[in-house]
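Enquirer: Below: one structure in structure tokens.
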Amino acid sequence: MYNGIGRALCLLLIPLNVLWGQDLTGQWQGTLTQGEDTTTFSLQLELIQDGSTLRGQARSVGADTSLQATFQVSGWVKGTDSVYIQDVQQVAPESPAWCLKLLSLKWSQSPGTPRLTGRWSAMGCDGGTIRLQRQGVRVDEKEVVLPFTPTGKWTGQLSQSDRDYGFYFTLDLEPDGRGTSYIVSEGSGGEAHHQLEWTYDTISQIITFRESRVLKRTIPDWKWCIKQARLTRQPDADAHRLTGMWEGQIEGTTNRLGRCAPGDLRLEKPILTRTIRQRIDTLDAMPALRERPIHIAQTVEVTGQNLKLFLWDNGLVDGDVVSVYLNGQRLLDQYRVRKGRAELRIKLRKGPNFLVLVADDLGSTPPSTVAVSLHDGEREHKLVIRSDQRESGAVLIKRIDW
């Protein structure tokens, strides 16, 4: 709804919160009505929770799809089932101006699907009703434990157009828009941590980050690229994925000669279902795994039950000592990682399989990063596992031909 064009359209966003333990962050879809003639608009919402406060964006679309708008919103949760959302700013279009609404909603779950229902009001506009339903939540054995949020750890690979080797790369995004990146070179350069700032557009589903400086590095005189990128979210059944191009400037340079050759960046955050989460909890409690929390960084889909596993140090050889487990069964005990590849034969069980790396000795440059290659007879799956003495890195292996 916008001012000056009769009863107009309304747009809102509802980044919802945790009602007595219910995490309402995620995607919501529904309808908004306005006025006595109950004009109806569809609502597409992406919600983010930050403690007890709410923030995000939303888009409302009328029967005539040319009539739509986007808002930035904030809000709060009260009691066990009340949610309040206020439009803060109209993001698009620039004109005409739409009404800034206050939404009063109630949370419920019936039959098993989270819903938000209530009314909205705004100065100078006829109010109406709102009905929303959470998207992508299944109440069965495979229910997603955590809905999507851009914060947390993202893991993957970075390439650069002027060299024939790649980089292991992670993003750790904090709720306040700050974060860190970690990069390991398969060639020269060693490893480095960078400080960064990031934003997430909930409508376009694009994460933008910009590094500001190197926090620490393993080779003192190595100059790293200070990178920036726009990464598009591409969810699938097993993981949230980010893909895009990056560019950058060699640290300490300001002219065109200091530009880095650009490249591709691919990251993922696995989706943990209820069944997978329960099995991880079981592994966490095993004394052999040091009772450290297990962090699933990546998901691999393979064919066949019998695989070849290769393991080596893809970065600076600094004396890392690790133990490797498959589904809680030890494959390697206190193995000193080398450039040369250790080869193992492994057999998968039915259902999800967990390859866990436990850091016994971090060497001279923590954390421990170990390259792993899985051969299933058809493809090679190459990735990196990162562990320290606070948590153990792991890979979720799924057999797709069962």
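The values are calculated or read from the model by the stated rules, or taken from the named source; none is laboratory data. In this text, all values refer to a predicted model and were calculated from it rather than measured experimentally. Here the Cβ is made from the backbone with ideal geometry for all residues, glycine too, and neighbour counts use every protein chain on show.
Enquirer: If the Cβ limit is 7 Å and pairs must be 6+ apart or interchain, which residue in the range 225-244 that is more than 16 Å from Gln157 (Cα to Cα) and in the same structural domain as Gly166 (by TED's automatic domain parsing) pairs with which residue that is among the small types (Gly, Ala, Ser) and surrounded by 19 or more Cβ atoms within 10 Å (Cβ to Cβ)?
Expert: Hits for this filter: Ile226/Gly248.
Enquirer: Shifting gears a bit: Limited to the range 312-353, what total is found for residues that are closer than 30 Å to Thr275 by Cβ, in contact with a Lys or Arg (Cβ under 7 Å, 6 or more places away or on another chain) and modelled with pLDDT of 90 or more?
Expert: Looking only at that region, the number is 4.
Enquirer: Based on this model, can you work out whether Val83 counts as within 26 Å of the chain's Cα centre (by Cα), closer than 17 Å to Ala58 by Cα and assigned by TED's automatic domain parsing to the domain that holds Leu43? Outline the logic, then answer.
Expert: Working: within 26 Å of the chain's Cα centre (by Cα): yes; closer than 17 Å to Ala58 by Cα: yes; assigned by TED's automatic domain parsing to the domain that holds Leu43: yes.
When the stated conditions are applied, Val83 passes them.
Enquirer: Still on this structure, please answer the following. When residues of the range 309-359 are filtered for being touching a residue at least 60 places away in the same chain (Cβ under 8 Å) and farther than 14 Å from Arg399 by Cα, how many remain?
Expert: Of the residues in the range 309-359, 10 are touching a residue at least 60 places away in the same chain (Cβ under 8 Å) and farther than 14 Å from Arg399 by Cα.
Enquirer: Working only within the range 252-267, note down all residues that are in contact (Cβ under 8 Å) with a residue 24 or more places away in the chain and either assigned to a strand (DSSP E or B) or buried (at least 17 other Cβ atoms within 10 Å of the Cβ) (or both).
Expert: Of all residues in the range 252-267, those in contact (Cβ under 8 Å) with a residue 24 or more places away in the chain come to 252, 260-267.
Listed by number, the residues that qualify are Cys260, Pro262, Gly263, Asp264, Leu265, Arg266, Leu267.
Enquirer: For the range 170-200, give me each residue that is out of contact with any Phe, Trp or Tyr (no Cβ under 8 Å at 6 or more places or on another chain), charged (D, E, K, R) and crowded, with 16+ Cβ neighbours inside 10 Å.
Expert: The answer is none; no residue qualifies.
Enquirer: Hey, Ile203 hits all of (1) in a strand (DSSP E or B); (2) β-branched (Val, Ile, Thr); (3) under 26 Å from Gln29 (Cα atoms) but one; which does it fall short on?
Expert: (1)
Enquirer: Another question, if that's okay. Quick one: which residue in Ser368, Ser387, Ser373 is touching a Lys or Arg at 6+ places or on another chain (Cβ under 6 Å) and either of a type in the set (Ser, Thr, Tyr) or touching a residue at least 40 places away in the same chain (Cβ under 8 Å) (or both)? Full working, then the answer.
Expert: Details: Ser368 fails: touching a Lys or Arg at 6+ places or on another chain (Cβ under 6 Å); Ser387 fails: touching a Lys or Arg at 6+ places or on another chain (Cβ under 6 Å).
Of the residues listed, the single one that is touching a Lys or Arg at 6+ places or on another chain (Cβ under 6 Å) and either of a type in the set (Ser, Thr, Tyr) or touching a residue at least 40 places away in the same chain (Cβ under 8 Å) (or both) is Ser373.
Enquirer: Report whether or not Arg390 is among the basic types (Lys, Arg), within 27 Å of the chain's Cα centre (by Cα) and assigned to a loop (DSSP other than H, G, I, E, B). Before the answer, list the steps.
Expert: Numbers: among the basic types (Lys, Arg): yes; within 27 Å of the chain's Cα centre (by Cα): yes; assigned to a loop (DSSP other than H, G, I, E, B): yes.
It is true that Arg390 is among the basic types (Lys, Arg), within 27 Å of the chain's Cα centre (by Cα) and assigned to a loop (DSSP other than H, G, I, E, B).
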